[in-house]
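The values are calculated or read from the model by the stated rules, or taken from the named source; none is laboratory data. In this text, all values refer to a predicted model and were calculated from it rather than measured experimentally. Cβ atoms come from the backbone with ideal geometry, glycine included; neighbour counts cover every protein chain shown. In case anyone asks, the SASA skips ligands and DNA or RNA and just uses the protein heavy atoms, side chains included. Shrake-Rupley method; radii C 1.70, N 1.55, O 1.52, S 1.80 Å.
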Amino acid sequence: MLTSSYRQLWPWVLSLGLLLTAYTLWQQQQQLAAQLQASQYETDEIKQLSQAYLDIVSTKTPNLHTFSQISPARSWLLANSKQQGLKVRSKTSSGSQTEVTVALQNAHFNRLLQWLQSVETTTNLVVINSQLAAQDKPGVVSGSVTFEVN
């Protein structure tokens, strides 16, 4: 008689265990859904902030240094190139009142590119000509770059 009661009770015990397990899994699923929604909200907020940052940064920065004569531009180029770690000397352009040419010796190419980009974004000087030659060491160039007061 006792074994028959267990046999009748056994499906109910299994059903109750299955029900408790299903309830626990449902709670976990609800928690994960809430965490996912919060994470998606944070991700959307980060995307918006990133886009706002890119909108601010991508706008062209105003010229910080505006040159009307070539001699202050030449002095500024020499001083600024030294700050960037470039070995530069100025050449005088024959008869030009708006152009300055700088000679480079053993300049690291990536540093040179960064410097040229910063010159064009922070001044009214524009690169109009460059003659660069590779050196024996990788990534090193020598030559000249001509700027024009825009």
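Quick notes on this one:
- Ignoring aspartates and glutamates fewer than eight residues from Lys91 along the same chain, the ones with Cα atoms less than 17 angstrom from its Cα are Glu99, Glu148.
- Of all DSSP-defined beta bridges confined to the chain, some 95% are antiparallel rather than parallel.
- Stokes-Einstein diffusion for the chain at 4 °C, viscosity 1.567 mPa s, with a Kirkwood radius from C-alpha pairs, works out to 61 µm²/s.
- Packing here is the average count of other Cβ atoms within 10 Å per residue, and on that basis the peptides 107-114, 134-141, highest first, run 107-114, 134-141.
- Of the solvent-accessible surface of the chain, computed with a 1.4 Å probe and all protein chains present, 57% belongs to carbon and sulfur.
- Helix-only [θ]222 nm of the chain, DSSP H runs n ≥ 4, -39500 (n - 2.57) each, per residue, nearest 500: -20500 deg cm²/dmol
- Most mobile of Gln131, Gln35, Gln105 in a GNM of the chain (Cα contacts under 10 Å): Gln35
- For the chain, the solvent-accessible area of protein heavy atoms averages 75 Å² per residue (probe radius 1.4 Å; ligands and nucleic acids excluded).
- Shape of region 78-128, Cα gyration tensor, a/c cut at 1.5: oblate
- Coil-residue GluC sites (Glu not before Pro) of region 90-150, DSSP, other Cβ within 10 Å capped at 15: none
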